[in-house]
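Remarks on the structure that follows.
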Amino acid sequence: MPQRTRLDTAYEAARMYYDGHRTMEDIATQLNVSRSTVSRLLRDARDAGLVRISLRPPDASRVADLRGAVQKRYGVRTRVVPARPDDSQQTRLHRVAAEAAEAVDALVQPEMTVGIAWGTTLSALADELRARPVRGLKVVQLNGAVNTQSSGMDHVTSVIGLLGTKWQAQVIHFPVPAFFDHASTREALWQERSVQRVLDHQAACSLAVFSVGAFDAEVPSHVHASGYLSPADLDALHTDGAVADVCTVFLRADGSWRDLPINRRSSGVDPNRLARIPRRVLVASGARKAAPVHAALQARAATDVVIDEATATALLALD
């Protein structure tokens with residue numbers, strides 16, 4: 001049978017089988033061929049791209065509804081990752097990280113500067129990201145990591161250094177404290193040329209990737225679990241109504257942040273500076289991250305969110 005004629009016949013067999021819901025025996029009679037020939041024609045139709053079969057998991061409609069509702073309420077591009085009831089928090093985190101890694105990979109382009117805020121979620125994302133060289137790419141740290149117990153560089157290197165390795169990118173570290181003891185020290189250091197260089201790279205970012213810190217997250221946020229905040233800091237934050245941090249800048253539930261005293265000592269990129277970056281991807285997992293995500297979106301910190309089903313459901317339940 002000539003190739004074109006066979007493809008035409010394969011298409012006709014596929015149309016009757018998939019659209020007409022007819023049996024192979026019925027199609028064989030119609031085309032005057034054997035049942036085994038019909039089977040081969042259906043295979044040929046799939047191989048030639050005449051038939052495309054897609055699978056839709058049973059939770060797809062639920063996830064699509066959540067995605068649409070979050071997008072409508074907050075005006076951000078949204079990905080919602082489904083979860084099974086028996087999934088552990090670590091499993092959910094890594095599924096969200098894998099989805100976020102795919103989203104970030106699609107956004108990264110040659111000659112781009114990408115800003116990265118370190119943390120537990122970004123560490124999981126870095127692990128999931130596929131390795132591919134990106135010409136002329138720069139990766140810049142968005143907030144300092146030094147604290148009173150360590151330099152913080154081990155954790156930062158595990159996140160930003162790994163991204164730099166996977167993308168074969170130039171890495172620009174920000175070797176300053178996450179929080180200064182005095183706001184005046186930060187103001188003075190910000191005048192130094194070495195610091196100005198990093199700030200200039202941050203300002204040149206086309207893409208920023210970060211999570212939100214929560215005081216009681218199911219998987220503890222690194223800044224809250226690794227000695228960055230003193231008991232006095234925590235008391236003051238609770239008194240002042242802080243519910244989250246983005247790049248170690250703390251936010252209230254309504255997204256306000258300017259008058260929180262600790263933010264004058266933070267080395268992180270604040271929401272105003274973040275807003276100048278065209279694409280800003282927020283990644284979060286867990287129902288207890290809902291209020292922090294809400295605060296970040298109220299502050300206009302993100303253009304894109306990647307969250308799990310539990311986070312999305314709890315986020316939409318907030319008043």
State all residues of segment 293-319 that are over 17 Å from Asp87 (Cα atoms), within 16 Å of the chain's Cα centre (by Cα) and among the polar types (S, T, N, Q); if no residue qualifies, say none.
Thr303
Assuming Leu234 fulfils every condition listed in (1) buried (at least 20 other Cβ atoms within 10 Å of the Cβ); (2) at pLDDT 80 or above; (3) of a type in the set (A, V, I, L, M) apart from one, which condition is it?
(1)
So, in segment 124-155, of the ones that are surrounded by fewer than 20 Cβ atoms within 10 Å (Cβ to Cβ) and in a helix (DSSP H, G or I), which residue ends up modelled with the lowest pLDDT?
Met153
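Can you name every residue in segment 70-89 that is out of contact with any Gly (no Cβ under 9 Å at 6 or more places or on another chain), under 17 Å from Ala290 (Cα atoms) and at pLDDT below 90?
Correct list: Ala83 only.
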Given the criteria surrounded by fewer than 22 Cβ atoms within 10 Å (Cβ to Cβ) and touching a residue at least 60 places away in the same chain (Cβ under 8 Å), does Val63 qualify?
yes
If we keep just the residues of segment 202-222 that are over 16 Å from Val249 (Cβ atoms) and touching a Gly at 6+ places or on another chain (Cβ under 8 Å), which is modelled with the highest pLDDT?
Leu207
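Tally time: how many residues in segment 31-42 are over 16 Å from Thr5 (Cβ atoms) and either touching a helix residue (DSSP H, G or I) at 6+ places or on another chain (Cβ under 8 Å) or surrounded by 14 or more Cβ atoms within 10 Å (Cβ to Cβ) (or both)? It would help to see each step written out before you state the result.
Applying the first criterion (over 16 Å from Thr5 (Cβ atoms)) to segment 31-42 yields 34-36, 39, 42.
Checking which are either touching a helix residue (DSSP H, G or I) at 6+ places or on another chain (Cβ under 8 Å) or surrounded by 14 or more Cβ atoms within 10 Å (Cβ to Cβ) (or both) leaves us with 34-35, 39, 42.
Looking only at that region, the number is 4.
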Quick test of your reading of the structure: Ala225 fulfils all but one of (1) surrounded by 13 or more Cβ atoms within 10 Å (Cβ to Cβ); (2) at pLDDT below 95; (3) farther than 21 Å from Ile160 by Cβ. Name the failing condition by number.
(3)
How many residues are over 13 Å from Thr37 (Cβ atoms), modelled with pLDDT of 85 or more and of a type in the set (D, E, K, R) if we restrict to segment 1-17?
2
Within segment 163-205, considering residues that are over 17 Å from Ser266 (Cα atoms) and touching a Ser or Thr at 6+ places or on another chain (Cβ under 8 Å), the one surrounded by the fewest Cβ atoms within 10 Å (Cβ to Cβ):
Ala204
Would you be able to tell me the number of residues in segment 93-123 that are farther than 22 Å from Ala287 by Cα, buried (at least 20 other Cβ atoms within 10 Å of the Cβ) and polar (S, T, N, Q)?
1
With within 26 Å of Val198 (Cβ to Cβ) and surrounded by fewer than 18 Cβ atoms within 10 Å (Cβ to Cβ) as the only criterion, which of Arg265, Arg276 stands out?
Arg276
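The values are calculated or read from the model by the stated rules, or taken from the named source; none is laboratory data. Fair warning: this is a prediction, and the values are worked out from it, not measured in the lab. Reconstructed Cβ throughout: ideal geometry from the backbone, glycine too, with neighbour counts over all protein chains shown.
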